[in-house]
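Engineer: Below is a structure I'd like to ask you about.
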Amino acid sequence: ADWQPGQTCVAAIVCRRERGSAVDFFVASLACGTKFVDCKQVGQVAEGAVYDMHAEALARRGFKRFLHLDLARCAGGGVGEALERDPGTPGRCRVRPGATFHVYSSS
C-alpha cells in the first residue's frame, strides 16, 4: 500500500531482563508518529519545532531520556532498571548482564 501523509506508525524499544531463571520485559520507550510529514505542513510549523515526527525518531528520543534517567539513578547510588555501576571501572555504568534491548516498528 502507498503511504499517505499523516498515516500513523508506532515504535517501541523494549528491554528484556534475565534474572536467574526468570525473564521479564518492560517498555523503555513508546512513540506514535506519522510515516512522514507533508511538505505543505512543514512550512506551517512554528520556528524551532521538531519536524521529524517519525515514530522511530520519537522512540529513540524517549529511549535516550530513559537511559539518562537510569544513569542518574546509578550515579546517585540507586539501582537502575537496565543499567548498573561497572564494578571493574569506578565512575562508569554498564548494561546489566542478561539485559537486551529490542526495537519494534509498525512501518
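Engineer: Could you check, for the stretch 19-38, whether at least one of its residues is surrounded by 12 or more Cβ atoms within 10 Å (Cβ to Cβ), modelled with pLDDT of 85 or more and among the charged types (D, E, K, R)?
Structural biologist: No; the residues of the stretch 19-38 include none that is surrounded by 12 or more Cβ atoms within 10 Å (Cβ to Cβ), modelled with pLDDT of 85 or more and among the charged types (D, E, K, R).
Engineer: Quick one: in the stretch 56-79, which of the residues that are closer than 14 Å to A12 by Cα and in contact with a strand residue (DSSP E or B) (Cβ under 6 Å, 6 or more places away or on another chain) is most open to solvent (accessible area, probe 1.4 Å)? Quick ask: steps written out before the conclusion?
Structural biologist: Filtering the stretch 56-79 for residues closer than 14 Å to A12 by Cα gives 56-66.
Retained after the next criterion (residues that are in contact with a strand residue (DSSP E or B) (Cβ under 6 Å, 6 or more places away or on another chain)): 56, 58-59, 62-63, 66.
On the way: E56: 72, L58: 43, A59: 3, G62: 27, F63: 36, F66: 28 Å².
Only one residue fits best here, namely E56.
Engineer: Also, quick follow-up: Confirm whether G62 is at positive phi and either part of a helix (DSSP H, G or I) or at pLDDT below 95 (or both). Quick ask: steps written out before the conclusion?
Structural biologist: Numbers: at positive phi: no; either part of a helix (DSSP H, G or I) or at pLDDT below 95 (or both): yes.
Considered against the rule, which asks whether it is at positive phi and either part of a helix (DSSP H, G or I) or at pLDDT below 95 (or both), G62 comes out as no.
Engineer: Quick check on my filter: what residues within the stretch 72-107 are assigned to a strand (DSSP E or B) and either under 30 Å from H54 (Cβ atoms) or in contact (Cβ under 8 Å) with a residue 40 or more places away in the chain (or both)?
Structural biologist: L83, C93, R94, V95, A99, T100, F101, H102, V103, Y104, S105
The values are calculated or read from the model by the stated rules, or taken from the named source; none is laboratory data. Since this is a predicted model, take the numbers as computed values, not measurements. In this analysis, Cβ positions are derived from the backbone assuming ideal geometry, glycine residues included, and neighbour counts consider all displayed protein chains. Surface areas here come from the heavy atoms of the whole protein model, side chains and all, with no ligands, DNA or RNA. Shrake-Rupley method; radii C 1.70, N 1.55, O 1.52, S 1.80 Å.
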